[in-house]
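Structure first, then comments.
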Amino acid sequence: TLTDFLTFEYANAYDLSKTKQYSIPKIYDSKGDLSKRWYVYYSFRNPKTGKMVRQTPIYGGANSYHTKEKRLEILSHYQKSLSSFLQKGYNPYENNEWMHKGVETKKESSLFIEDAFKKVLLIKKKVLKDTSYTAYESRINSFKKWLNKNLSKDSVITEVTKKLVINYLNEVLERTSARTRNNTRTDLSSFFQTLEDNDMIVVNFIKNINVLKTTPERNKTYTKSQQKAIFTHLEEKDPILLLYIKFISYNLLRPIEVCRLKISDVDVNEKRIYVRAKNAPVKIKIIPDILINDLPDLSGLSPNHFLFTPEKIGRKWETTEQNRRDY
């Protein structure tokens, strides 16, 4: 019968005549209490006493996460891997040299650091705007150069540890500021999250690296007389720059958002502008009356031309939006 066949095969594989050497690994979840430690535990038979002995629990960084789902995800991975090792013959009381070959095989199956960086940057280039991607790529490549100096050439991405990243962030902090360090941490977290999402690493440990407290400096406000002097000067010397400043100030827009505006984005009749923002596809702003009166006649201009260009309102400008913003 099928039962006879399965019983014979199982006995053949695991030799049921022997006394059971270990218990099935289980997860201790503190009954869902996130303030306590969760771990994977198991027992193994002590060869000297013949008794089952509880072994050192496995935490694996799971308790650094503050959601039940994430802790269970990590511990379930450890539980499954431990069960596999025990079935293959792992014994905490012996020298398990055979496991080193398995680790090397696992290392060989991981991506080299160079390949992992290429894959993530390719993905990010498809989802980030040009300006965001440029800054992101610069920070990520700086980290890659640092890794190349601190790891061997044949290192794989799974060899990049939390401690290694913290050392890098500390160096960034020494060279720059807490704000730059935090921005670097944010980009690295995004990088490692993409690695996790694409099964190139098990978990994004950057989330557990702290954010440093920063004290932003408030820019000094121009006095009314200074503002009037600037406007008077620009009315004569550069009226396009003056209008650009007003679009930023009166509409509370980022400079690059104003650079993205085209003639079709400005609806004078409804007093609205349609802005392609960083954090939303399109946002609608009401044009205040103080700005409406300063707008030139836009009728007859091509709707696909940019509102602001170096010499005229509503012309072509063949360059990147970052270059337009810098100009």
Quiz item: Shape call for the range 117-194 from the C-alpha gyration tensor, a ≥ b ≥ c root eigenvalues: rounded (a/c under 1.5), prolate (a/b greater than b/c) or oblate?
Solution: oblate
Self-check item: Ellipsoid equivalent to the range 81-237 - semi-axes via the Cα gyration tensor, in Å
Solution: 47, 17, 13
Quiz item: Tilt of helix 224-237 relative to the longest C-alpha principal axis of the chain, in degrees (0 to 90, nearest 10)?
Solution: 70
Self-check item: About the Cα centre, charge dipole magnitude for the range 31-85 (Lys/Arg +1, Asp/Glu -1 at Cβ), debye
Solution: 280
Quiz item: Mind checking the dipole of the chain: about its Cα centre, +1 per Lys or Arg Cβ, -1 per Asp or Glu Cβ, Debye to the nearest 20?
Solution: 1020
Self-check item: Relative packing of peptides 78-88, 200-210 - highest average C-beta neighbours within 10 Å first
Solution: 200-210, 78-88
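So, for the range 145-266, what is the accessible surface per residue at a probe of 1.4 Å, expressed in square angstrom?
Details: 7580 Å² over 122 residues.
On a per-residue basis, 62 Å².
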Quiz item: So what's the angle, to the nearest 10 degrees on a 0 to 90 scale, between helix 162-175 and the longest Cα principal axis of the chain?
Solution: 30
Practice problem: Pull up the cross-link candidates among the lysines for Lys220, meaning alpha carbon to alpha carbon under 17 Å and not fewer than 8 places away within one chain. | Solution: Lys228
Self-check item: Selected from Leu253, Ile74, Leu122, residue furthest toward positive end of dipole (the chain; charges at beta carbon)
Solution: Ile74
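Counting only Cα atoms, I'd like the Rg/Rh figure for the range 24-83, Kirkwood definition for Rh. Show your work: numbers first, answer last.
Numbers: Rg = 12.7 Å, Rh = 12.1 Å.
The Rg/Rh ratio comes out at 1.05.
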Quiz item: If packing is taken as the mean number of other Cβ atoms within 10 Å per residue, what is the order of 244-250, 56-62, 38-44, highest first?
Solution: 38-44, 244-250, 56-62
Exercise. State the label only: which of [x] 97, 52, 43; [y] 61, 43, 42; [z] 64, 43, 39 corresponds to Cα extents along the principal axes in Å computed from the shown model?
Key: [x]
Quiz item: In debye to the nearest 20, how big a dipole does the range 265-327 give about its Cα centre with +1 on each Lys and Arg Cβ and -1 on each Asp and Glu Cβ?
Solution: 260
Quiz prompt | GNM top mover of Asn148, Asn182, Asn95 - the chain, alpha-carbon springs below 10 Å | solution = Asn95
Quiz prompt | Listed pairs Lys124/Lys153; Lys125/Lys312; Lys36/Lys80; Lys70/Lys119; Lys126/Lys283 exceeding 29 Å between Cα atoms | solution = Lys125/Lys312
Quiz prompt | Tilt relative to the chain, helix 2-14 - C-alpha long axis, 0 to 90 degrees, to 10 | solution = 90
Self-check item: Helix-derived mean residue ellipticity, 222 nm - over the chain, DSSP H n ≥ 4, -39500 (n - 2.57), to 500
Solution: -15500 deg cm²/dmol
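For the chain, with all protein chains present and a 1.4 Å probe, just round the carbon and sulfur fraction of the accessible area to a whole percent.
Values: 11280 of 21820 Å².
For the chain, the apolar C and S fraction of the accessible surface comes to 52 percent.
The values are calculated or read from the model by the stated rules, or taken from the named source; none is laboratory data. Predicted model, so just to flag it, every value in this text is computed and none were measured. Cβ: placed from backbone, ideal geometry, glycine included. Neighbour counts: every protein chain shown. Accessible surface is based on the protein model in full, side chains and every heavy atom, while ligands, DNA and RNA are left aside. Shrake-Rupley method; radii C 1.70, N 1.55, O 1.52, S 1.80 Å.
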